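The values are calculated or read from the model by the stated rules, or taken from the named source; none is laboratory data. Just so you know, these numbers come straight off a predicted model, no measurement behind them. All Cβ positions, glycine included, derive from the backbone under ideal geometry; neighbour counts span all protein chains shown. Accessible surface areas use protein heavy atoms only, side chains included; no ligands, DNA or RNA. Shrake-Rupley method; radii C 1.70, N 1.55, O 1.52, S 1.80 Å.
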Amino acid sequence: MIYTCQHCEKDTDSKAAHSITVYLEDGVEDSYEILCSLCYSEWLQSLKG
């Protein structure tokens, strides 16, 4: 299955697609996103600061 990265909009196959769920501070789900491996790696690095 092919997914589209919601950050860079490139197509990626299911082996390289990463799903993330973003929650608000009160625990309510804010968004669900699919990211390619590169964008996922950048997103993880941004969490480290």
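Only one of Leu44, Leu24 is of a type outside the set (Lys, Arg) and under 13 Å from the mean Cα position of the chain (by Cα); which? Testing whether each residue is of a type outside the set (Lys, Arg) and under 13 Å from the mean Cα position of the chain (by Cα) leaves just Leu44. Which residue pairs have Cβ atoms closer than 6 Å, lie 6 or more positions apart in sequence or on different chains, and pair a first residue in region 1-21 that is within 10 Å of Glu33 (Cα to Cα) with a second residue that is among the polar types (S, T, N, Q) and open to solvent by less than 80 Å² (accessible area, probe 1.4 Å)? Listed by first residue and then by second, the contacts come to Cys5/Thr12.
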